[in-house]
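Asker: The structure under discussion is supplied below as structure tokens; questions concerning it will follow.
Taken together, the values in this text are just the output of simple stated rules run on the coordinates, not laboratory data. Not measured: the values here are computed from a predicted model. Cβ sites come from the backbone with ideal geometry, for glycine too, and all protein chains shown count toward neighbours.
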Amino acid sequence: MNKQQKEFGLMLNIHEAINFSGLPKAQLYRLAREEEDFPVLRLGGRVFFNRDGLTQWLQENTGNKTISV
């Protein structure tokens, strides 16, 4: 188990996802709404982000495109 796995659970709330990814809140919500392959889970009115999926998505999309906030 690495440091990120110890510090963060498998599913992240918006505040944990901000700290984990370094992305602004508005951008995370926009990605969750608009990107088909973004690792998000909606339960009722809440949004959760899959930690491992978010790591993979960030690695695969870093430098590939410009994302506006």
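Asker: Rounded to whole Å and ordered largest first, report the semi-axes of the equivalent ellipsoid of the range 3-61 derived from its Cα gyration tensor (root of 5λ). Could you put the intermediate results ahead of the total?
Answerer: On the way: eigenvalues 52, 36, 23 Å².
For the range 3-61, the semi-axes come out at 16, 13, 11 Å.
Asker: Now, a different point. State the answer as a single residue: which of 28, 9, 55 lies farthest towards the positive end of the charge dipole of the range 3-61, with beta carbon charges of +1 for Lys and Arg and -1 for Asp and Glu, about the Cα centre.
Answerer: The listed residue farthest towards the positive side: 9.
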